[in-house]
Amino acid sequence: MKTKGISRAFGASGALFAALLGAAALSSGAFAQNRELGAGGELLDGVAAIVDNGVVLKSELTDRVGIVVANMRKQQEQQPAEQRRQLPPMPVIEQQVLDQLVLRELQLQRAKKVGITVSDDMLNNALSRVAENLGYTLEELPTVLASENLSYSQYREDSRQDLMIEQLQQRDVINRINIAPRELELCLSTREANQTNSFDYNISHILISIPGNATPDQIETARKKIDDIYSRLEGGEDFARLAVATSHAQTALDGGSLGWRKGAQLPTLFADTVVKMQPGEFSKPIQSAAGFQIVKLNEMRGAEHTTVQQTHLRHILLKPSPLLDAAAAKQKIIGIRQQILAGADFGTLAHAQSEDPGSATEGGDLGWISPGELVPEFEKAVDALPLHQLSEPIQSRYGWHIAEVLDRREHDTTDEVKREECARSIRQSKAEEERELWLRKLRDQAYVDIRR
């Protein structure tokens, strides 16, 4: 069964992996600095901010600041001596971290309000990928975390929240980005003619935001601030350090880094500017709906040509129900398999018996499948299946399957794939600014009382 939402969890696992490495640099004793002892000897916590119906605790702020500072120090230690820079003042780091925690709390509240949940299966799949990146299994992950004085239960909860926020942003931001037919056609023609798309760009930015209903005075204040930042950059100040100290973007604590982007996936606001820059250069201030921004091109590299291994697949699915439990569903799928082995037509049985509405009417045919389009447990079984051989029953989170691989191919980009890539690129080019606008609106509409 295709499930593009599930495949997006791979992106979250990368963030969780980074969080794990950063947290490993801390000792458990570093997290209690803002807690005080009550009269009875118990630890009391304080409130750093009231956020609508929730709070950000001082202990949360202390924990996160500790992780950020440890990561910054670790990154500096990995740099050559001549490239190391002094850490920003602690009040600046604390304010940036508190802003992020407030936005995180607002997003979690909204995710719960609209009914977003992350099942244990989905969480386990994401954590399995984290463990695999570290060279372990999911079962070994608690021991790995414990060796770094990290709580597995807390790590699971943080990871679940990360996945909830990712789904919320997909729902409220990415899925609501409109793509006009003209935009899509222009992208397709440009991909053919413009060699810019053959390159990758590593970029950073600094954002000075303005409210959605900003007054002329507020706009002018923001303009003066970005002009001052630009002057300081021209004077030789470090871009990443200024981003940490001044930027309102969610990337501020990463030195403003937006990472590597394909030419076609550069934020629309920056695209025309970045492709004319040389590595190391930064732009003049650029005005947008979100505020004023400066972009820097850190590095550039040529794109590599890749092909995709696709599988032409058909299957039959039976889902457990109150009338048919998992064991009964397995027995029934075994019976269907025996009928096919005895000469019954796969397509006819799929049309009559399969409970996958997307493929049953097509005789179970899922068409050509690319990596990541199937849930992991089903994809793993299918990848190991020889051509034209009926599988043994396969269990996935959806139920019990039998499957047959009809063909495999090395697939270069077709017109259909190019259109999908263009649509994805357009969304990604708009996503950064749309996400910042969405977060700013979320923040503007919320009740936030900073207590520290």
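Among residues belonging to the stretch 319-335 that are more than 21 Å from Ala384 (Cα to Cα) and not small (Gly, Ala, Ser), point out the one that is modelled with the lowest pLDDT. Spell out the reasoning first.
Narrowing the stretch 319-335 to residues more than 21 Å from Ala384 (Cα to Cα): 319-329, 331-332, 335.
Cutting the leftovers down to not small (Gly, Ala, Ser) gives us 319-320, 322-325, 331-332.
Numbers: Lys319: 90, Pro320: 87, Pro322: 81, Leu323: 84, Leu324: 85, Asp325: 87, Gln331: 95, Lys332: 95.
Once the filter is applied, the top-ranked residue is Pro322.
Identify the residue in the stretch 354-375 that is within 26 Å of the chain's Cα centre (by Cα) and open to solvent by 40 Å² or more (accessible area, probe 1.4 Å) and, among all such residues, is modelled with the highest pLDDT.
Of the stretch 354-375, the ones within 26 Å of the chain's Cα centre (by Cα) are 368-375.
From the residues that got through so far, the ones that are open to solvent by 40 Å² or more (accessible area, probe 1.4 Å) too are 368, 371.
On the way: Trp368: 92, Pro371: 87.
Looking at the filtered set, the residue picked out is Trp368.
Residue check: is Ala249 within 23 Å of Met72 (Cβ to Cβ) and open to solvent by less than 40 Å² (accessible area, probe 1.4 Å)?
Numbers: within 23 Å of Met72 (Cβ to Cβ): yes; open to solvent by less than 40 Å² (accessible area, probe 1.4 Å): yes.
So Ala249 passes the test.
Can you tell me which residue is most open to solvent (accessible area, probe 1.4 Å) among those in the stretch 261-271 that are closer than 13 Å to Leu297 by Cβ and in a helix (DSSP H, G or I)? Give the derivation first.
So in the stretch 261-271, the residues closer than 13 Å to Leu297 by Cβ come out as 261, 263, 266-267, 270-271.
Among the residues that remain, those that are also in a helix (DSSP H, G or I) are: 263, 270-271.
Details: Gly263: 11, Phe270: 5, Ala271: 26 Å².
Across the stretch 261-271, the extreme among qualifying residues is Ala271.
Please determine whether any residue of the stretch 403-416 is open to solvent by 60 Å² or more (accessible area, probe 1.4 Å), touching a residue at least 60 places away in the same chain (Cβ under 8 Å) and closer than 26 Å to Ala126 by Cβ.
No; the residues of the stretch 403-416 include none that is open to solvent by 60 Å² or more (accessible area, probe 1.4 Å), touching a residue at least 60 places away in the same chain (Cβ under 8 Å) and closer than 26 Å to Ala126 by Cβ.
Based on what the data block shows, is His388 touching a strand residue (DSSP E or B) at 6+ places or on another chain (Cβ under 8 Å), free of Cβ contacts under 8 Å to residues at least 24 places away in the same chain and farther than 30 Å from Gln100 by Cα?
Details: touching a strand residue (DSSP E or B) at 6+ places or on another chain (Cβ under 8 Å): yes; free of Cβ contacts under 8 Å to residues at least 24 places away in the same chain: yes; farther than 30 Å from Gln100 by Cα: yes.
It is true that His388 is touching a strand residue (DSSP E or B) at 6+ places or on another chain (Cβ under 8 Å), free of Cβ contacts under 8 Å to residues at least 24 places away in the same chain and farther than 30 Å from Gln100 by Cα.
For (1) modelled with pLDDT of 90 or more; (2) under 24 Å from Ser288 (Cβ atoms); (3) not basic (Lys, Arg), each residue gets a yes or a no:
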| site | (1), (2), (3) |
| --- | --- |
| Thr143 | yes, no, yes |
| Asp162 | yes, no, yes |
| Arg176 | no, yes, no |
| Ala193 | no, no, yes |
| Ser198 | no, no, yes |
| Gly212 | no, yes, yes |
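On the basis of being at pLDDT below 95 and either closer than 30 Å to Gln96 by Cβ or not in a helix (DSSP H, G or I) (or both), does Ala431 make the cut? Show your work before the answer.
Numbers: at pLDDT below 95: yes; either closer than 30 Å to Gln96 by Cβ or not in a helix (DSSP H, G or I) (or both): yes.
Taking the combined requirement at face value, the residue satisfies it.
The values are calculated or read from the model by the stated rules, or taken from the named source; none is laboratory data. Predicted model only: the values in this text are computed from it and were never measured. Note that we place each Cβ from the backbone using ideal geometry, even for glycine, and neighbour counts take in every protein chain shown. To get the accessible areas, we keep the full protein, side chains included, count just its heavy atoms, and leave off ligands, DNA and RNA. Shrake-Rupley method; radii C 1.70, N 1.55, O 1.52, S 1.80 Å.
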